[in-house]
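Just below is one structure, and these are the notes that go with it.
What follows draws every value from the coordinates through simple rules; no lab data is involved. Nothing here was measured: the structure is a model prediction, and the numbers come from that model. Ideal geometry is used to build each Cβ from the backbone, glycine not excepted, and the neighbour counts take in all protein chains shown.
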Amino acid sequence: MLTGLIIGTAFIAVYVGLQRSPAPTHLPIAVVGEQLATTAHAGLGDAVAVRQVPSLAAGEALVRDGDAVAVLGAASPRSLTLDYAGASGFSESGAARQLVASLAARAGATVQEHDIVPLATYDSRGLSAFYVVFGVTLSSFVLAQGLTAVTAKVRLRHRLFAMGGFAVLIGVIAATVAGPVYGSLTAPFPLLALSLILLSAASAFTTKALGAWLGPAGIALAVLTLTTIGNATSGATIGVDLLPGWAQAISAKLPPGAAVRAVNNFGYFDGAHTLVPLAVLATWFLAGLGFVLLRQRTAQRRPLAAAVSR
């Protein structure tokens, strides 16, 4: 009962709490020219991180690589142009558009907007990555939890093979459904499947390791870390730059956040900056595997030490 209350309270507190009043902090926006960059920095303050670029084309290159949410330029003394990435998510692109609109209103200028990196046609709200990542994480956790409960009946190597095989299967199935079947995620199929396979392995082996070392408390910790905090701070529902500081600090370091970045970067930003998210997922997987094997070795040494002492 206590574990259930803690998990339920944490789930509601984190998800609802992050939705209350998200505000941009250092939202990356490229701005063409020194004068406009100075004006944007003075008018928008810490809400944006202004990056001055020499031309609109240079700013658009940053947007297409995911290094900036939008690029702001001056079409005329009374007209601004804003090229943004809708694929950055409704919260981030929406925040950029609202901030620029307020800046233009104060200057008596108009804004011409263009979405140069739009979301997929069948992902109109930009939430497909969240649901896919959440589904893979949850199913992998459930498997690991079940295998932890049958430790006495199923050999370790069979449990490890089951989690590894499941990771491949759920990764391929999820990538097939969200990719070729529904057309909701636009990442190339092999790269999408690879990201989700690593996510499943990271989630399952981490849960198994926590359960092996900490028992029921470890399973509860896995729920809080992976399915609750990890998914809530992944950046899929609320953009990373609109999250509070503590959430921004851990977002990319947890498996769900890393997976969301990999999936979106492969799908919308030409695979830019995907090495780090994949490395994060691989690290969680290998660390989980290592701690499971270490626990098994520790458990085997205890009976042997007891027999020698007799």
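Values for this structure:
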{"quantity": "Sites residue 35 and residue 189 - FRET efficiency at Förster radius 45 Å, r taken between beta-carbons, to 0.05", "calculated": "0.45"}
{"quantity": "Förster radius 35 Å - calculated FRET efficiency between residue 6 and residue 113 (Cβ-Cβ, nearest 0.05)", "calculated": "0.20"}
{"quantity": "Fewest-first ranking of 21, 102, 88, using other Cβ atoms within 10 Å as the exposure measure", "calculated": "21, 102, 88"}
{"quantity": "Interchain or long-range residues, amide H under 5 Å from residue 110's placed H", "calculated": "79, 80"}
{"quantity": "Average Cα contact separation per residue, the chain, under 8 Å, 6 or more apart, as relative contact order %", "calculated": "19"}
{"quantity": "Length-normalised contact order of segment 93-184 in % [C-alpha pairs under 8 Å, at least 6 apart]", "calculated": "37"}
{"quantity": "Backbone N under 19 Å from the residue 298 label point (7 Å along Cα→Cβ), restricted to segment 200-218", "calculated": "205-218"}
{"quantity": "Summed residue charge, Cβ within 13 Å of residue 62's Cβ, Lys/Arg positive, Asp/Glu negative", "calculated": "-3"}
{"quantity": "Stokes-Einstein translational diffusion, segment 153-292 - Kirkwood Rh over all Cα pairs, 0.692 mPa s, 37 °C, in µm²/s", "calculated": "213"}
{"quantity": "Pairwise label distance in nanometres, residue 15 with residue 250, each label 7 Å out on the Cα-Cβ vector", "calculated": "1.7"}
{"quantity": "Cα convex hull of the chain, projected area averaged across orientations, nm²", "calculated": "18.7"}
{"quantity": "Residues whose placed amide H lies under 5 Å from that of residue 126, excluding near-sequence neighbours", "calculated": "none"}
{"quantity": "Summed residue charge, Cβ within 14 Å of residue 240's Cβ, Lys/Arg positive, Asp/Glu negative", "calculated": "-1"}
{"quantity": "Euclidean distance between Cα centres, segment 111-165 to segment 205-223, Å", "calculated": "18"}
{"quantity": "Percent antiparallel among DSSP beta bridges (both partners in segment 21-115, rounded to 5)", "calculated": "30"}
{"quantity": "Distance in nm between pseudo-label sites at residue 78 and residue 149 (7 Å out along the Cβ direction from Cα)", "calculated": "7.0"}
{"quantity": "The chain: antiparallel DSSP beta bridges as a percent of all, rounded to 5", "calculated": "30"}
